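The values are calculated or read from the model by the stated rules, or taken from the named source; none is laboratory data. Given the structure is predicted, the values throughout are model-derived calculations rather than measurements. All Cβ positions, even for glycine, are placed from backbone atoms using ideal geometry, and neighbour counts span all protein chains on display. Surface accessibility is based on the protein's heavy atoms, side chains included, excluding ligands, DNA and RNA. Shrake-Rupley method; radii C 1.70, N 1.55, O 1.52, S 1.80 Å.
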Protein chains: 2
Amino acid sequence: MRYELYYWPSIPGRGEFVRLALEDSGGPYRDVAREGGSSGRGMRAMMRLMGGFEKHPPFAPPFLKAGKEIIAQTANILLYLGARHGLAPKAEAGRLWIHQLQLTIADAVAEAHNTHHPISVALTYEEQKPEAAGAGQAFARGRIPKFLDYFETVLTRGGGHYLGGARVSYADLSLFHLVEGLRFAFPRAMQRAEKKTPRVSALRDRIAARPRIAAYLASPRRLPFDDGIFRHYPALDGDGGKAR
Amino acid sequence: MRYELYYWPSIPGRGEFVRLALEDSGGPYRDVAREGGSSGRGMRAMMRLMGGFEKHPPFAPPFLKAGKEIIAQTANILLYLGARHGLAPKAEAGRLWIHQLQLTIADAVAEAHNTHHPISVALTYEEQKPEAAGAGQAFARGRIPKFLDYFETVLTRGGGHYLGGARVSYADLSLFHLVEGLRFAFPRAMQRAEKKTPRVSALRDRIAARPRIAAYLASPRRLPFDDGIFRHYPALDGDGGKAR
């Protein structure tokens, strides 16, 4: 089956977590909203599916078309793909554990997004700059270390190369991208935090070196970070200069 | 199996979504952190399990102990319970659809929490009051109608009494609680929004009337809304007086 991914065409965003799983499993897929470029053909196809006329309408991108089914919510799409492409354990306990980790990564992603839009997603960053600086600094100081420490603990307790132990899962691919995104958006805070989480950093490198992921990262299919979830505004990064 | 739920003892919070599924399925369960009352015995048991010494350490409550397994993340716990207690379809497509809806409810819950803590969870509400007023008003004006409209569309398209169609699921129980929480926290905004979403309101009533749920809601096991996720601060509700 040739999957169709639907996501905003100009940012990695949440779609990137799905893209990494699709790339790692090696199957061809369509990235529909990016097709047709400036003609907007792909975007129109996406908006049509979001019109609420489908049996299972999605609230928001990303969503995946798999045959006749439309599956939305990033972690839910990964639950589906993980079971089919060896990116999750077959046994229930392991499957739920990987999903639990993915949902914790999703929480970190939502908090990272919230730093530049603390008041409203209907306003621009520029319209909530002072509040964003406060939110960003609190996230950089308190939440980045807390999330990273947690994943370090998981890797330590599991005793393997991956979050689930000996075998790679979609949560590892997602943690790779979370680290990449945080390094882009909060370079100073991450430099401090990663000193205490060598296993997380090593996992990031291990994922980047997977042949299909390495090929993907070097391809034009990988979008640069820009004004999506992970944004680099120095005012949001760190603790007001103390870390310089 | 007698489940053990672990969650902060004084607020409904995210634990409530799990509690509703446990109550509806009728099995006895322990609500461990609430045991022992002011002695703190239950809380100590919860903190011990969060110490990172377990095979699968949770990042945060709620988590469920089911035999030897510890399962965390609200939606993940519901995925587990739904499969066992008739609160989710057996077929994969239906199962993923219900989970997708649950994750969308979880997004709404996180945004509702963010309104009173837009800058940092490490600060009190009183330390971020002006920012909270802005965040609350944006949520009340823009996001509450958007989420409710979405679930109204789902109920309309599905053509049944429940989100998944003819049969109740854990997502219905969760939508009930989301509506209850939003009515408590944003009474004015909800009064406006629900005028356009009669199916959502009817679903809320249908769930409240389920015998086990009705018995639970009348029991001391149901905690009142207070200073958890759903908080009633008039300044956050509505659009600055225009709706009065």
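Shown for the range B:172-244 is the translational diffusion coefficient from the Stokes-Einstein equation, using the Kirkwood radius over Cα pairs, a temperature of 25 °C and a viscosity of 0.890 mPa s: 184 µm²/s. Across the range B:24-36, rounded Karplus estimates of 3J(HN,Hα) from the backbone phi angles (6.51 cos²θ - 1.76 cosθ + 1.60, θ = phi - 60°) give 5, 7, x, x, x, 8, 9, 10, 4, 5, 8, 6, x Hz, Gly and Pro being marked x.
For the chain pair B and A, the buried solvent-accessible surface (1.4 Å probe, both sides summed) amounts to about 3700 Å².
Look at the dipole of chain B built from charges on Cβ: of B:142, B:49, B:174, the Cα furthest out on the positive end belongs to B:174. Overall shape of chain B was characterised from the C-alpha gyration tensor. The equivalent ellipsoid obtained from it has semi-axes of 28, 24, 16 Å, in decreasing order. For the peptides A:54-62, B:87-95, the ranking by packing is A:54-62, B:87-95, with the highest mean count of neighbouring Cβ atoms within 10 Å listed first. Over all alpha-carbon pairs in the protein assembly as shown, figure out the percentage whose distance exceeds 40 Å. Counting every Cα pair in the protein assembly as shown, those more than 40 Å apart make up 16 percent.
Expressed to the nearest 5 percent, the antiparallel share of DSSP beta bridges inside the range B:1-145 is 70 percent.
Seen from residue B:107, the other residues with C-beta closer than 14 Å to its C-beta sum to a net charge of +1, counting Lys and Arg as +1 and Asp and Glu as -1. For the range B:103-211, the C-alpha radius of gyration sits at 1.13 times the compact-globule guess of 2.2 N^0.38 Å, with N the residue count. Across all directions, the shadow cast by the convex hull of the range B:134-189 built on its C-alpha atoms averages 3.9 square nanometres. Both the radius of gyration and Dmax for the range B:1-86 are 12.1, 37 Å, in that order, over alpha-carbon atoms. Computed from label points 7 Å out along Cα-Cβ, the spacing between residue B:156 and residue B:196 is 1.0 nm. If only the Cβ of Lys and Arg carry +1 and only the Cβ of Asp and Glu carry -1, the dipole of the protein assembly as shown around its Cα centre is close to 840 debye.
Maximal additional length on extending the residue A:110-residue A:188 stretch stands at 26.1 nm, based on 0.36 nm per residue less the C-alpha distance. Quick one: which bits of the range A:87-103 get at least 50 Å² less accessible when the partner protein chains are in, versus the chain alone, with a 1.4 Å probe? Those are A:92, A:96, A:97, A:100, A:103, which lose 50 Å² or more relative to the chain on its own. The phi torsions of the range B:137-149, fed into the Karplus equation with coefficients 6.51, -1.76 and 1.60 and a -60° offset, translate into couplings of 5, 5, 5, 4, 7, x, 8, 4, x, 5, 5, 5, 4 Hz, rounded to whole numbers, with Gly and Pro shown as x. Rounded to the nearest 0.05, the FRET efficiency derived from the C-beta distance between residue A:60 and residue B:39 at R0 = 45 Å is 0.50. Electrostatic tally near residue B:143: other residues with Cβ closer than 11 Å to its Cβ, Lys and Arg +1, Asp and Glu -1, net -1. Give me the net charge of residue B:1's neighbourhood, meaning all other residues with Cβ under 13 Å from the Cβ of residue B:1; Lys, Arg count +1, Asp, Glu -1. Once all neighbours under 13 Å are counted, the net charge is +3. Projecting the Cα atoms of A:191, A:207, A:11 onto the charge dipole of chain A, computed from C-beta unit charges around the Cα centre, puts A:207 farthest toward the positive end. Expressed to the nearest 5 percent, the antiparallel share of DSSP beta bridges inside the protein assembly as shown is 75 percent. Carbon and sulfur atoms: what percent of the 1.4 Å accessible area of the range A:68-141 do they account for? C and S atoms contribute 54 percent here.
Nearest 500 deg cm²/dmol is fine: what mean residue ellipticity at 222 nm does the protein assembly as shown get from its DSSP H runs of n ≥ 4 alone, each adding -39,500 (n - 2.57), divided by its residue count?
Theoretical 222 nm ellipticity from helices: -16000 deg cm²/dmol.
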